[in-house]
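Peer 1: First the structure, which I've put down as structure tokens, then a few questions once you've had a look.
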Amino acid sequence: EVFEVTKLHRFNQLVKSVRDPTSVLSICAELIGVVVLVFDLITVPYMLGWGIPYEGSMHGLALVSLFYWTLDFAGAWIRGYYHDGKLVLDFKMIARRYLKTWCVMDLSILLIEWINIILADFTESSNRLRFARIGKMLRVLSAFRVVRLARVLETFMQRCMSENVLLAISVSGVSFLFLWLNHVVSCLWFWIGTSMPSDTGKRWVELSWDECDSIPFQETPRFYQYITSFHWAVSQTTLGSMEVNPVSGWERVFNILSLFLGFLFGSTLISLLSAAMVEIQAQNRDRHQKMHTLRMYMAENRVHPAVAQQVQRQVAERLQQHLPVAASQVSALEIVSTSLLQELHFEVCRPHAMSHPILAIWAYMDVAWFRKFCHTSMQIHIFRPNDELFPAGAEALAAYYSLTGVCKYIQEPETSCVSDLTEQDVPGKSWMCESALWCHWIHVGTLEALSPCQLLLLQPESMGEVVQQHIVIGEIAREYCECFHRRIINAKPPHAPYPTDLKVPFTDQGDLVYSLSQQVQIEIGLTAIALTSSAPRAGVDKLRDEVKAGKSVVILNTQGHAERVVSLVILSLTNADGDVLYQIGDVSDGVVTPKGPILPAVKRLRSELVADALRRLSQEKLNYDGDFEVEDVESVVEEKHSKLGVHSRYLRMICHAKQTEELPGSTCHFECAGRPDTPEITEKTSDTIQAALAAGMDFFHETQITFVNAYDEEEGGSADNLGEENSTGVLYCWLSPATLQVLHTIGEAGLAKCLQHLTIPPVDRESARNPVLHSAV
């Protein structure tokens, strides 16, 4: 049911994007309309003015244009609109608004164009000539679609945030309108000269000039006719002059109207350019005034010239920098309604907040609650280069997410648990100081901006108030907080490095969710699965059943996809010689089964820390009760595609430790006193593998192999079942990198040959029983 609801939701989102006039899909359709409109605006006046018939390719292009406007007319009945900032999708309201605005004009133009096309294609030649003049005159109405072009340009201008781009678009739009009006005027001027009646018996197109060698203008090439007409139109709209003059009453009337039109649009263009120049001068004047006031302040306070010079340079550089607009700088938001302002803040913050997996889970669980959460708890701040975001030793007031820019994190020995000064660059799209959300955190380093930075601030106090208002999300947040806090206080040597403002050990999303209670894991897992639509239905159902049964842990990654999580803790123990302890085999009832070589590892239990899992590993796998000196913890994430249709993430926590004392166990020995002959693994064994096998035989007969007695309580084993002839346990050996490469070369088959004469020592029941008791405790 959740899967079907998700598919229906995605379909509804697609339908909404088609009907939303500001969506990307609608804007692309409008761009196609702009191209078709420009074609109509240029060709219709020209073909009417010169009386060119729509034939051949022009007829085909006219049909394409007509089909587009017909589809656009049909889509206008379902296309939504914005009223008071809200999207209206009600069909009755859309139809009522369209009937009152553009319906009559669009329908009239479409009917005229279709009638003209039908008459041109299906009527006889005599009737075609009769209706040709009427059709051409009626096609002039299609020029009214220029209003559509202005509406599309206005939409682009509203979506643009740069003042310079807005100014460029405005100037370009007015320039295009100016050129198009001259194009229309030139076509009308030629049409008047050829078609309108003359009260003087003369027409301007019938005159000739010396430049044409006394050739009548009407007999010149069409290109020259158009250029001359366009030149005349430009001279009228710019109050210029040329050798072409009106010679009849109608031509004189049109000349007067053109002069008046040129006066209006010429002054409009000049005023727009003047306003742009005044705005640029006002910005420079404000910059100069600030610098003048700064110099006066430093002169009155007798600031040292070196310091004054540094201050002036920094202020001058920062005044020239272009920073993103902050919400506090937008005074128009003060008159926006609270509900719409909350929706706007949600749209701005939601894409960035969704980068945190636990916030993404909350967003998918309750969108209405998350909208309020973003509006109440999140803010976007802008910082300039060299600004200090927070100093070391100060109380943390928020968690930070870097949207743009690069920061530098600095730790000093006086304020942090470091021996030397450390610096680290923090790129964009990174979370910082998340500990402030889950505990009372004091900064252990200083964060500075290296470039203009835009950061999302998540305030813990406001977050706590909103989280408590939702029962399910509040329970998830409480357990998540406890797990995160437990990792903060346990992050210390020897098991882990100290936490910083940038990273707390073992706080990977999968690691944290793995430690939550089963009920919370089920809530998170089912939410993540409900958002997975690309996986096979059968695999999703099986994975959902495993999550409900508590057999699988599923999280939502930063890309919004579900992932199955498996967590392992691995021990990489190094001795004084630099060799690493590896498991090379299992022993069951005295029979040796080669394995690996692999590092000792255990699967983490629910709500178990890495340090606790490492202690359990030493007790169960090595019969060792002490603590290892952990130098570093390496987190290795390996993703594999699961048969269930989702990716599986294996979290391998490799604990690198040093051996401080001898490990318990018995030393194994070989039955034969000397080294046996090197056997062949198969008949087709290569020389390289045979040489590696010989090296492995030499190594095992010269090194010490340790047998650690163990048993599995889950399978019914106990210490009382262990006897001298019933040895069960694990074989360990210290391996150097070179020897490890040899064993990888010969494989388990070669390892079995090397260990075939190995004798397992007898087992002491009492010694086998004691480590088990320690492990149980």
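The values are calculated or read from the model by the stated rules, or taken from the named source; none is laboratory data. Just so we're clear, the structure is a prediction, and the values are computed from it rather than from any experiment. Don't worry about glycine lacking a Cβ; one is built from the backbone with ideal geometry, like all the others, and counts go over all protein chains shown. The accessibility values were calculated without ligands, DNA or RNA, using every heavy atom of the protein model including side chains. Shrake-Rupley method; radii C 1.70, N 1.55, O 1.52, S 1.80 Å.
Peer 1: Restricting attention to the stretch 712-752, and to residues there that are assigned to a helix (DSSP H, G or I), at pLDDT below 75 and closer than 17 Å to VAL587 by Cβ, which single residue is most open to solvent (accessible area, probe 1.4 Å)?
Peer 2: Only one residue fits best here, namely GLU715.
Peer 1: Could you please let me know if THR527 is more than 25 Å from ALA398 (Cβ to Cβ) and either out of contact with any Asp or Glu (no Cβ under 7 Å at 6 or more places or on another chain) or open to solvent by 70 Å² or more (accessible area, probe 1.4 Å) (or both)? Step through it out loud before you land on a result.
Peer 2: On the way: more than 25 Å from ALA398 (Cβ to Cβ): yes; either out of contact with any Asp or Glu (no Cβ under 7 Å at 6 or more places or on another chain) or open to solvent by 70 Å² or more (accessible area, probe 1.4 Å) (or both): yes.
Yes: the conditions hold for THR527.
Peer 1: Output the number of the condition that TYR514 fails; it satisfies all remaining conditions of (1) hydroxyl-bearing (Ser, Thr, Tyr); (2) more than 22 Å from CYS655 (Cα to Cα); (3) modelled with pLDDT under 80.
Peer 2: TYR514 satisfies every listed condition except (2).
Peer 1: What number goes with the only condition from (1) more than 22 Å from THR43 (Cα to Cα); (2) in contact (Cβ under 8 Å) with a residue 40 or more places away in the chain that GLN225 does not pass?
Peer 2: With respect to (1) more than 22 Å from THR43 (Cα to Cα); (2) in contact (Cβ under 8 Å) with a residue 40 or more places away in the chain, GLN225 is out only on (1).
Peer 1: Filter the stretch 99-137 down to the residues that are in a helix (DSSP H, G or I) and of a type in the set (S, T, N, Q), then identify the one that is modelled with the highest pLDDT.
Peer 2: Filtering the stretch 99-137 down to residues in a helix (DSSP H, G or I) leaves 99-100, 103-122, 125-137.
With the extra rule that they be of a type in the set (S, T, N, Q), the set shrinks to 108, 116, 125-127.
Values: SER108: 79, ASN116: 71, SER125: 47, SER126: 42, ASN127: 46.
Checking each candidate, the answer is SER108.
Peer 1: Any idea how many residues of the stretch 371-406 are assigned to a loop (DSSP other than H, G, I, E, B), over 22 Å from the mean Cα position of the chain (by Cα) and aliphatic (A, V, I, L, M)?
Peer 2: 5
Peer 1: Now, a different point. How about the stretch 331-364: which of its residues are touching a strand residue (DSSP E or B) at 6+ places or on another chain (Cβ under 8 Å), open to solvent by 20 Å² or more (accessible area, probe 1.4 Å) and of a type in the set (Gly, Ala, Ser)?
Peer 2: If the condition is that a residue be touching a strand residue (DSSP E or B) at 6+ places or on another chain (Cβ under 8 Å), open to solvent by 20 Å² or more (accessible area, probe 1.4 Å) and of a type in the set (Gly, Ala, Ser), then SER355 is the only one that fits.
Rundown of residues vs (1) out of contact with any Asp or Glu (no Cβ under 6 Å at 6 or more places or on another chain); (2) open to solvent by less than 50 Å² (accessible area, probe 1.4 Å); (3) under 30 Å from PHE230 (Cβ atoms), yes/no style:
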residue	(1), (2), (3)
ASN255	yes, yes, yes
SER258	yes, yes, yes
LEU261	yes, no, yes
LEU264	yes, no, yes
GLN310	yes, no, no
LEU323	yes, yes, no
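Peer 1: I've got another one for you. Could you list, in sequence order, the residues of the stretch 333-347 that are assigned to a helix (DSSP H, G or I) and either in contact with a helix residue (DSSP H, G or I) (Cβ under 8 Å, 6 or more places away or on another chain) or under 24 Å from THR446 (Cβ atoms) (or both)?
Peer 2: Selection gives LEU333, LEU341, GLN342, GLU343, LEU344, HIS345, PHE346.
Peer 1: Let me ask something else. Can you tell me which residues in the stretch 476-498 are surrounded by 21 or more Cβ atoms within 10 Å (Cβ to Cβ) and within 20 Å of TYR409 (Cα to Cα)?
Peer 2: The answer is ALA491, and nothing else.
Peer 1: Mind listing whichever residues of the stretch 45-67 are buried (at least 18 other Cβ atoms within 10 Å of the Cβ) and either in contact with a Lys or Arg (Cβ under 6 Å, 6 or more places away or on another chain) or free of Cβ contacts under 8 Å to residues at least 60 places away in the same chain (or both)?
Peer 2: LEU48, ALA62, SER65, LEU66
Peer 1: Among all residue pairs at least 6 apart or on different chains, which show Cβ distances below 7 Å where the first residue, located in the stretch 412-427, is over 30 Å from PRO452 (Cβ atoms) and the second is open to solvent by 80 Å² or more (accessible area, probe 1.4 Å)?
Peer 2: So the pair list comes out as PRO413/SER419; PRO413/ASP420; CYS417/TYR498.
Peer 1: Only one of (1) in contact with a Leu (Cβ under 9 Å, 6 or more places away or on another chain); (2) surrounded by 13 or more Cβ atoms within 10 Å (Cβ to Cβ) is not met by GLU279, so which one is it?
Peer 2: Of (1) in contact with a Leu (Cβ under 9 Å, 6 or more places away or on another chain); (2) surrounded by 13 or more Cβ atoms within 10 Å (Cβ to Cβ), only one is false for GLU279: (2).
Peer 1: Looking only at residues in the stretch 621-651 that are acidic (Asp, Glu) and within 16 Å of ILE570 (Cα to Cα), which one is modelled with the lowest pLDDT? Explain how you work it out, then say what you get.
Peer 2: Restricting attention to the stretch 621-651, the residues satisfying the condition of being acidic (Asp, Glu) are 625, 627, 629, 631-632, 634, 638-639.
Still in the running and within 16 Å of ILE570 (Cα to Cα): 627, 629, 631-632, 634, 638.
Details: ASP627: 75, GLU629: 75, GLU631: 77, ASP632: 75, GLU634: 76, GLU638: 68.
Among those that are acidic (Asp, Glu) and within 16 Å of ILE570 (Cα to Cα), it is GLU638.
Peer 1: Can you find a residue that is of a type outside the set (Val, Ile, Thr), open to solvent by 40 Å² or more (accessible area, probe 1.4 Å) and under 14 Å from VAL730 (Cβ atoms) anywhere in the stretch 577-584?
Peer 2: no
Peer 1: Condition (residue is among the hydrophobic types (A, V, I, L, M, F, W, C) and closer than 20 Å to HIS381 by Cα) applied to the stretch 308-315: is it met by at least one residue? Walk me through how you get there before you give the answer.
Peer 2: If we filter the stretch 308-315 for residues that are among the hydrophobic types (A, V, I, L, M, F, W, C), which is where we start, we get 308, 311, 315.
With closer than 20 Å to HIS381 by Cα added as a condition, the list becomes 315.
Looking through the stretch 308-315, at least one residue is among the hydrophobic types (A, V, I, L, M, F, W, C) and closer than 20 Å to HIS381 by Cα.
Peer 1: For the list (1) under 24 Å from THR194 (Cα atoms); (2) touching a Ser or Thr at 6+ places or on another chain (Cβ under 9 Å); (3) not in a helix (DSSP H, G or I), I need the number of the one condition that VAL44 fails.
Peer 2: With (1) under 24 Å from THR194 (Cα atoms); (2) touching a Ser or Thr at 6+ places or on another chain (Cβ under 9 Å); (3) not in a helix (DSSP H, G or I) applied to VAL44, the lone miss is (3).
Peer 1: Shifting gears a bit: When you check SER328 against the structure, is it surrounded by 12 or more Cβ atoms within 10 Å (Cβ to Cβ) and among the hydroxyl-bearing types (Ser, Thr, Tyr), yes or no?
Peer 2: Numbers: surrounded by 12 or more Cβ atoms within 10 Å (Cβ to Cβ): no; among the hydroxyl-bearing types (Ser, Thr, Tyr): yes.
So SER328 fails the test.
Peer 1: Which residue pairs have Cβ atoms closer than 7 Å, lie 6 or more positions apart in sequence or on different chains, and pair a first residue in the stretch 652-674 that is open to solvent by 60 Å² or more (accessible area, probe 1.4 Å) and modelled with pLDDT under 60 with a second residue that is assigned to a loop (DSSP other than H, G, I, E, B) and of a type outside the set (Val, Ile, Thr)?
Peer 2: Partner pairs satisfying both residue conditions: GLU671/HIS757.
Peer 1: Right, next: Out of contact with any helix residue (DSSP H, G or I) (no Cβ under 6 Å at 6 or more places or on another chain), open to solvent by less than 30 Å² (accessible area, probe 1.4 Å), closer than 27 Å to VAL592 by Cβ and at pLDDT 70 or above: is that true of SER618 in this structure?
Peer 2: Details: out of contact with any helix residue (DSSP H, G or I) (no Cβ under 6 Å at 6 or more places or on another chain): yes; open to solvent by less than 30 Å² (accessible area, probe 1.4 Å): yes; closer than 27 Å to VAL592 by Cβ: yes; at pLDDT 70 or above: yes.
Spelling it out, SER618 is indeed out of contact with any helix residue (DSSP H, G or I) (no Cβ under 6 Å at 6 or more places or on another chain), open to solvent by less than 30 Å² (accessible area, probe 1.4 Å), closer than 27 Å to VAL592 by Cβ and at pLDDT 70 or above.
Peer 1: Still on this structure, I have one more. Of everything in the stretch 79-114 that's closer than 19 Å to ALA29 by Cα and touching a residue at least 60 places away in the same chain (Cβ under 8 Å), which residue is most open to solvent (accessible area, probe 1.4 Å)?
Peer 2: Going through the qualifying residues, I end up with TYR82.
Okay, residues lined up against (1) at pLDDT 80 or above; (2) over 22 Å from VAL184 (Cβ atoms); (3) assigned to a helix (DSSP H, G or I):
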{"position": "ALA29", "(1), (2), (3)": "no, yes, yes"}
{"position": "VAL34", "(1), (2), (3)": "no, no, yes"}
{"position": "GLY49", "(1), (2), (3)": "yes, no, yes"}
{"position": "TYR54", "(1), (2), (3)": "no, no, no"}
{"position": "LEU66", "(1), (2), (3)": "yes, no, yes"}
{"position": "ALA74", "(1), (2), (3)": "yes, yes, yes"}
{"position": "LYS92", "(1), (2), (3)": "yes, yes, yes"}
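Peer 1: Provide a single number: the residues in the stretch 543-562 that are within 10 Å of ILE529 (Cα to Cα) and at pLDDT below 75.
Peer 2: Step one: filter the stretch 543-562 for residues within 10 Å of ILE529 (Cα to Cα), giving 543-544, 547, 554-556, 561-562.
Filter once more, so that each one left must be at pLDDT below 75: 561.
The number of residues fulfilling the criteria is 1.
Peer 1: Now for a different question. I'm checking my understanding of the structure. Among residues of the stretch 407-418 that are of a type in the set (A, V, I, L, M, F, W, C) and part of a loop (DSSP other than H, G, I, E, B), which one is most open to solvent (accessible area, probe 1.4 Å)? Working first, answer last.
Peer 2: Residues of the stretch 407-418 of a type in the set (A, V, I, L, M, F, W, C): 407, 410, 417-418.
Narrowing further to those that are part of a loop (DSSP other than H, G, I, E, B): 417-418.
Numbers: CYS417: 100, VAL418: 37 Å².
In this case the residue turns out to be CYS417.
Peer 1: Give the residue, chosen from VAL504, VAL466, that is open to solvent by less than 30 Å² (accessible area, probe 1.4 Å) and touching a Phe, Trp or Tyr at 6+ places or on another chain (Cβ under 6 Å). Working first, answer last.
Peer 2: Working: VAL504 fails: touching a Phe, Trp or Tyr at 6+ places or on another chain (Cβ under 6 Å).
Just a single option satisfies the conditions, and that option is VAL466.
Peer 1: Condition first: part of a helix (DSSP H, G or I), modelled with pLDDT under 75 and loosely packed, with under 11 Cβ neighbours inside 10 Å. Now tell me which residues in the stretch 190-239 satisfy that.
Peer 2: ASP210, GLU211
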